[in-house]
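Structure record follows, encoded as structure tokens.
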Amino acid sequence: MDYISLAKENFMSTYSTQDLCVDHAKGVRIFDTDGNCYLDMVAGIAVNALGYDNEKIKERVKEVMDDGFFHVSNLYYNKWAPQAAMRLNKLSGGKEVFFANSGAEANEAALKAARKYGSRTGRSKVISFSHSFHGRTYGAISLTGQEKYHKGFFPMVPSIVYAEYNNLESVRALMDENVCAIILEPVQGEGGIIPSNPDFIKGIRKICDDNDLLLIFDCVQCGLGRTGRNFAFEHYGIKPDIMTLAKAIGCGLPLSATVAFERARGIFTPGDHASTFGGNALSTALSLVLFDELEAGLTDEVAKKGRYFKEGLEKIMAAHPDKCSDVRGLGLMLGLDLKVRPSDVIARCREKGLLVCSAGYTVLRFVPPLVIDFGDIDEALSIIDCVLSEI
Ligand SMILES: Cc1ncc(COP(=O)(O)O)c(C=O)c1O
């Protein structure tokens, strides 16, 4: 069957999907329906942290299936979600978790929590940042500080303003008695793989402490081991009041979490927020597989491999100064800023068996499965080097 034509005829036109239909996958490799094999540096956009065909994931799916249900609704408990919440709190220092299904939903919950917190003192304004990305639902695009996502969809949710990322003065300029929260990605993903400067993010923490604001860290992309620490904020020695997570947390199934730390504890009461599928048995059971790996030291491996990969990219930049302008990122969340069109590089990499994606307008993004090994990294670097030589 021609699945690609079938999709083109029947899907709403929301994605610029490439003509590649995945047939099966193993380890860090994807095989398409035409029999081609690719080394995957995309990992479902930072989702498939434990790689493909993972035995522990498969075992856990079978274990849950044998209980005969995936879903019972939040009218009752299941035995997996409470364990997942406890493990997540333990890993992060959080106190309470709300489970939903996507990053956008996790940020919606964070925004509602921030507004409810502010409502006690009549405050509702939220500060977000340029180049940020928080998802595609209305609250989440309103938090997203990039005009291209707003165009055609006005009006946005009111009382959200944007400061300049890594510029503390621009935050101070937006401060007034109406602000209740600040939201940022400790490492911006979609905006172009941009880590926070330590002084900036610590300064934001202080502004929040001094003014009784909630600090929300969107760790949807940079959380759960991706940057070589369990959560990206650990690089800076600070904690948020609310953290949002998604992508890798469900090992490939839809799951997201909004984690409240001490200051944000107890904001929601029954009836304030909900999600039919949030915290379903199968997704939360799989999250435990990831937490096991993180607790067993996966992040240390990510840090080592990330340094190795970054050094390799720096060598590539040195070899192609006319085509590359910067290498950025932490752990296995890396970006190569290009002076040539990322789409050309992506297409040629794919022809040579490497899947990569872009971030922002100029950045080649690398967010491979966290279980990638050094040999795979060498292979990817050699293909990128070759493609940049050809272009
Ligand atoms: C930092 C960040 N927040 C939120 C989202 C939205 O997540 P989802 O697509 O699961 O709604 C993304 C997705 O790329 C993201 O990178």
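The values are calculated or read from the model by the stated rules, or taken from the named source; none is laboratory data. Predicted model only: the values in this text are computed from it and were never measured. Using ideal geometry, Cβ is built from the backbone for each residue, glycine included, and neighbour counts are taken over all protein chains shown.
Name the residue that is farthest from the ligand (Cβ to nearest atom), counting only residues in the stretch 101-156 that are on the phi > 0 side of the Ramachandran plot and more than 17 Å from the chain's Cα centre (by Cα).
That would be 122.
Can you find a residue in the stretch 37-49 that is farther than 24 Å from residue 220 by Cβ and among the hydrophobic types (A, V, I, L, M, F, W, C)? Walk me through how you get there before you give the answer.
As a first pass, look at the stretch 37-49 and keep what is farther than 24 Å from residue 220 by Cβ: 37-39.
Now narrow it down to the ones that are among the hydrophobic types (A, V, I, L, M, F, W, C): 37, 39.
So far as the stretch 37-49 goes, yes, one or more of its residues are farther than 24 Å from residue 220 by Cβ and among the hydrophobic types (A, V, I, L, M, F, W, C).
Taking strands (runs of 3 or more DSSP E) that fall entirely within the stretch 157-253, which contain at least 3 residues that are closer than 13 Å to residue 132 by Cβ, within 12 Å of the ligand (Cβ to nearest atom) and at pLDDT 95 or above?
Here the list reads 214-218.
Return the residue satisfying two criteria in turn: it lies in the stretch 284-330 and is acidic (Asp, Glu) and out of contact with any strand residue (DSSP E or B) (no Cβ under 8 Å at 6 or more places or on another chain), and of such residues it is surrounded by the most Cβ atoms within 10 Å (Cβ to Cβ).
293
Taking the stated definitions as given, is residue 388 farther than 16 Å from residue 38 by Cβ and under 24 Å from the mean Cα position of the chain (by Cα)?
Answer is no for this residue.
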